[in-house]
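Here, each number is a calculation from the coordinates, and none is a lab measurement. This is a predicted model, so every value here is computed, not measured. Glycine gets a Cβ as well: all are built from the backbone with ideal geometry, and neighbour counts include every protein chain shown.
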Amino acid sequence: MPRVRFEGRIIVVQTEAEAERAVSYLLSQPILGFDTETRPTFRPGPMNMVALLQVATPDTCFLFRLNKMGLPQSVIQLLSDKRVLKIVLSWRDDVQQLRRRTNFAMGDFFDLQEHVSYFGIEDRSLQKLYANVFGQKISKNQQLSNWEADALSDAQKVYAATDAWACIRIYEELYRLKETGDWELIKHEDNISE
C-alpha cells in the first residue's frame, strides 16, 4: 500500500505563552483531530506521563510538549471545550493519562472507534482503519521512540502530526460515505490454519 503522511505545517509548542496562542487559533477552527504520545516503558512498573498532545486542523498540527510545560490552563480549556468538533480514536485511555497530570472536565469528543461498526469495519486501530478507508498505510515506525527527548526529530513530528490529522480525514470520509451511501463492505476471511 502507498504510504501517507501529513504534509501541512507542524508547530511545536513548548511554553504556556505559545500554548495560549495555539489554543486561541484552534478554538476558531471548525474541526480538530487529537492524539497523544507517551514515552514507552519497557519494564514492569509505573507508566510515564503523556509527553505530547497533538491537535491538528486539516492543514496545521500543533505538538504540545506536555513534558516541558505540564498541562497549562489554555490546553485544559481546549480539552474542556464543547463547541468545536474534536475527532479522536480510542480516546478513553488518553484521557485517563492526561488526567494523571491534572484533573479536568472533558469536553465533547467524537471517537471514531464508537462509530465505525456502522460500516461493518472491525479493524479499529488507526493504521488499519486508515488502510480500510483509503487504501493507504500510516507508518508506525516512531511509535516507540522517546517522546520526552530534548528535541523531537523530524520523523517524530511527522508521525505525531499524521496520527492527529488522520482522525479528521477518516471522519470526513466516513461522513461523506454515510451521507451518499456510496460504499460497499468487502469482507476478507483470514486464512488461519488450525
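What the table shows:
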item: Share, in percent, of DSSP beta bridges within the range 3-180 that are antiparallel, nearest 5; result: 50
item: Alpha carbon Rg of the range 1-69, scaled by the compact-globule rule 2.2 N^0.38 Å; result: 1.29
item: Alpha-carbon centroid distance for the pair the range 62-84 / the range 22-48, whole angstrom; result: 9
item: If the convex hull is drawn through the Cα atoms of the range 3-180, its volume per residue in Å³; result: 119
item: Max mean-square fluctuation residue, GNM over the chain, Cα-Cα springs under 10 Å, options ASP123, ASP111, ASP93; result: ASP93
item: Kyte-Doolittle at least -0.5, axis length at least 30 Å by Cα - qualifying DSSP helices, the chain; result: 154-180
item: Net dipole in debye of the range 3-180 [+1 Lys, Arg Cβ; -1 Asp, Glu Cβ; about Cα centre; nearest 20]; result: 240
item: Sequence-distant residues sharing a close amide H with PHE6 (under 5 Å, placed H); result: THR162
item: Relative contact order for the range 3-180, counting Cα pairs under 8 Å that sit 6 or more residues apart, in percent; result: 31
item: Exposed trypsin sites (Lys or Arg not before Pro) absent - longest run of the chain, DSSP non-H/G/I/E/B, at most 11 other C-beta within 10 Å; result: 84-186
item: GNM flexibility winner over the chain from VAL13, VAL133, VAL75 (Cα, springs under 10 Å); result: VAL133
item: Theoretical ellipticity at 222 nm over the chain - DSSP helices of four or more residues, -39500 (n - 2.57) apiece, nearest 500; result: -10500 deg cm²/dmol
item: Only Lys, Arg (+1) and Asp, Glu (-1) charged, at Cβ; the range 110-176 dipole about Cα centre in debye; result: 240
